[in-house]
Amino acid sequence: QVQLVESGGGLVQAGGSLRLSCAASGLTFSPYVMGWFRQAPGKEREFVSVITRSGGIYYTDSVKGRFTGSRDNAKNTVNLQMNSLKPEDTAVYYCAAARNPVVFRDQGQYTYWGQGTQVTVSS
C-alpha cells in the first residue's frame, strides 16, 4: 500500500519559515516525480513545485526565490523549505507522486497523494 505522509506544517508569522517533508512508503521511490501542490480556502488546488527523478526542480512563479525543494532517494523523502512566507501562502500543502507526467502542473497525472499539512501564515 502506497502512502505519502506530509509533516512540518504549522502557524508562522509573515516573513518566517517552515520546512515541509513528505515521506513515501510502499513504492520504489526513485523513479517517481514528486510534486507539491496547495489548496487555499475557497480556491482550487494549485501547483507549487516539482522535483524530477534526476533532481531537476521547478516552481510556480509566486514562490520562486522563497521556496526550495529537495529529495533524498535513500530516505524516500522530499522536502520543501519555505522562507519569507506570506499570508497568501496559507493553504493545505500536499505532496504527490507521478511516474511519467507529461505536464508537471497537471494534477491528474499524479497517482498518489498525501493527506496534506496545514500551513498558516499570519500577517
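Residues are listed down the side, and each one gets a yes or a no for (1) in a strand (DSSP E or B); (2) in contact (Cβ under 8 Å) with a residue 12 or more places away in the chain; (3) closer than 18 Å to residue 119 by Cβ; (4) touching a strand residue (DSSP E or B) at 6+ places or on another chain (Cβ under 7 Å):
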residue	(1), (2), (3), (4)
11	yes, yes, yes, yes
28	no, no, no, no
31	no, yes, no, no
37	yes, yes, yes, yes
53	no, yes, no, yes
71	yes, yes, no, yes
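Within the range 105-119, is even one residue over 17 Å from residue 26 (Cα atoms), more than 14 Å from the chain's Cα centre (by Cα) and in contact (Cβ under 8 Å) with a residue 60 or more places away in the chain?
no
Check 108, 42 and return the single one that is in a loop (DSSP other than H, G, I, E, B) and either of a type in the set (D, E, K, R) or open to solvent by 20 Å² or more (accessible area, probe 1.4 Å) (or both).
42
Go through the range 92-103 residue by residue and tally those that are assigned to a loop (DSSP other than H, G, I, E, B) and among the β-branched types (Val, Ile, Thr).
Adding up the residues that qualify gives 2.
Restricting to the range 2-51, and then to whatever is among the polar types (S, T, N, Q) and modelled with pLDDT under 95, can you tell me which residue is farthest from the chain's Cα centre (by Cα)?
Restricting to residues being among the polar types (S, T, N, Q) and modelled with pLDDT under 95, the top hit is 28.
Take the residues of the range 73-91 that are without any contact (Cβ under 8 Å) to a residue 60 or more places away in the chain and part of a strand (DSSP E or B): which is surrounded by the most Cβ atoms within 10 Å (Cβ to Cβ)?
Checked the range 73-91; the qualifying residue surrounded by the most Cβ atoms within 10 Å (Cβ to Cβ) is 78.
The values are calculated or read from the model by the stated rules, or taken from the named source; none is laboratory data. Remember, it's a predicted structure, so these values are computed and weren't measured experimentally. Cβ coordinates were reconstructed from backbone atoms using ideal geometry, including for glycine residues, and neighbour counts include every protein chain displayed. Side chains included, ligands, DNA and RNA excluded: accessible areas come from the protein's heavy atoms. Shrake-Rupley method; radii C 1.70, N 1.55, O 1.52, S 1.80 Å.
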